[in-house]
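Participant: Starting off with a structure, shown below.
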Amino acid sequence: MKNIALFITLQLFIFSANAQDNINISFSNDYKDVYHLSLIIYTPDGKIQTRVSNLNPNQIKSYSLPVNTEIFIADWKQEAFAMKGNDIKSTGVQPYLVLKSSDAKRVVILSSLGQNKK
């Protein structure tokens, strides 16, 4: 019985330690129109995620991601390329951001991206 309790305690400790490694990052639409935000995300464990959403004016979209996650902000061509299962890194494009601990609670203002809104 003590071994089971020790095992459960150890699992909870590991889970809580892993959860603390995540960084919360947000994207805020400061435009007066809807903004089509397309993120291609590479987590350190090798998983690739594509997150596409339309943000209304003054809307904030938040994500909780591990440290060292690479975030690419894709235009419509890159989004279509990735949605077909292709690796955007193969095109030579660099990530917009590689998450560091110092990025915790960072808010990216969409007008600061310097891309054409869609």
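Participant: If you go through region 23-48, how many residues are surrounded by 14 or more Cβ atoms within 10 Å (Cβ to Cβ) and without any contact (Cβ under 8 Å) to a residue 12 or more places away in the chain?
Facilitator: The number of residues fulfilling the criteria is 0.
Participant: Do the conditions hold for Asn54, that is, is it closer than 20 Å to Ser28 by Cα, among the polar types (S, T, N, Q), without any contact (Cβ under 8 Å) to a residue 24 or more places away in the chain and surrounded by 11 or more Cβ atoms within 10 Å (Cβ to Cβ)?
Facilitator: In short, yes.
Participant: Regarding region 38-54, can at least one residue be identified that is of a type in the set (A, V, I, L, M), in contact with a Leu (Cβ under 6 Å, 6 or more places away or on another chain) and under 16 Å from Ile109 (Cα atoms)?
Facilitator: No, there is no match, as no residue in region 38-54 is of a type in the set (A, V, I, L, M), in contact with a Leu (Cβ under 6 Å, 6 or more places away or on another chain) and under 16 Å from Ile109 (Cα atoms).
Participant: Exactly one condition in (1) surrounded by 11 or more Cβ atoms within 10 Å (Cβ to Cβ); (2) modelled with pLDDT under 95 is not met by Ile71; state its number.
Facilitator: So Ile71 meets the others, but not (2).
Participant: Another question, if that's okay. Right, Asn54: out of contact with any Ser or Thr (no Cβ under 7 Å at 6 or more places or on another chain) and at pLDDT 95 or above or not?
Facilitator: Yes.
The values are calculated or read from the model by the stated rules, or taken from the named source; none is laboratory data. Every value quoted in this text rests on a predicted model; they were computed, and no experiment measured them. Positions of Cβ are generated from backbone atoms using ideal geometry, with glycine treated the same way; all protein chains shown enter the neighbour counts.
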